Amino acid sequence: MTLLEIHPLNQLDRPRLQELMAGYSSTQSYLVSKKEGDEQTTFTLSLQLLAKPYWKNYWDCLADDDLHRYEGFLTDGFSLGAYRDGKWLGVVLAELQSWNRVLNVWELHVDPSYRRQGIGRSLLDELARRARKAGLRALAVETQNTNVDAIHFYRKAGFSIEGLDLSFYANDDLETGEVAIFMKRTLV
């Protein structure tokens, strides 16, 4: 098998990106609960089995504005593609936030038939190397409480949960069961 090559993207092949952004299914979710009071407010994440598998297709959630914005990230050199034998196997699309020296990872995807081969981790490690070299202090990522595999993957890659947003997607996220989880990996 030839080596994996990772280099900055100079354009987005939208049809291939759609294939890479295949989504996920999960038989588990982190149940998010909030208890608010004058003396203390607590948030709890409790892993639970789901009665039926949860399925998410990322491409269906994207608007043309999102893709146009992602194309704008390419000039910073922090959006990377992973290739083997010329085939695009993985992607990370990241936005530089210079005001707080954080690189925000908006998308990280690996072709479903090539997952669990270290491609996603290689993309994140290369992104961290480039960000550190540029003087950035952290990588940040948002995922969902329903994407348990992603949360476990990011933890193994050095990220930790730093926040929740109970209305990031819609005003009834807590009731509908999909809550935004924010994670960071410090670089310095």
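Values in this text are rule-based calculations from the coordinates and carry no lab data. Keep in mind that what you see is a predicted model, and the values were worked out from it rather than measured. Because the Cβ atoms are built from the backbone with ideal geometry, glycine has one as well, and the counts that use them run over all protein chains shown.
General remarks:
- Candidates Ala94, Ala134, Ala150: whichever shows maximal mean-square fluctuation once the chain is modelled as a Gaussian network with Cα springs under 10 Å: Ala134
- Value at 222 nm in deg cm²/dmol, rounded to 500, when DSSP H runs of n ≥ 4 in the chain each add -39,500 (n - 2.57): -7000 deg cm²/dmol
- The distance separating the Cα centre of segment 97-129 from that of segment 1-31 comes to 10 Å.
- The chain - Rg (one decimal) and Dmax (whole number), Cα, Å: 17.0, 59
- Neighbours of Leu164, meaning other residues whose beta-carbon lies under 11 angstrom from its beta-carbon, give a summed charge of -3 when Lys and Arg score +1 and Asp and Glu score -1.
- Three principal axis lengths of segment 39-94 [C-alpha, angstrom, descending]: 50, 33, 23
- A Gaussian network model of the chain, with springs between Cα atoms under 10 Å, assigns the largest mean-square fluctuation among Thr27, Thr44, Thr75 to Thr44.
- Compared with the dominant Cα axis of the chain, that is its longest principal axis, helix 119-133 is turned about 80°.
- Using the alpha-carbon positions of segment 21-115, Rg (one decimal) and Dmax (whole number) come out as 18.0, 59 Å.
- Counting only alpha carbon atoms, the long axis of helix 64-73 and the longest principal axis of the chain meet at about 60°.
- Lysines whose Cα lies under 29 Å from that of Lys34, excluding same-chain neighbours fewer than 8 positions away: Lys52, Lys56, Lys156, Lys184
- Karplus 3J(HN,Hα) series, Hz, for segment 154-161 with 6.51 cos²θ - 1.76 cosθ + 1.60 (x for Gly, Pro): 5, 4, 5, 8, x, 8, 9, 6
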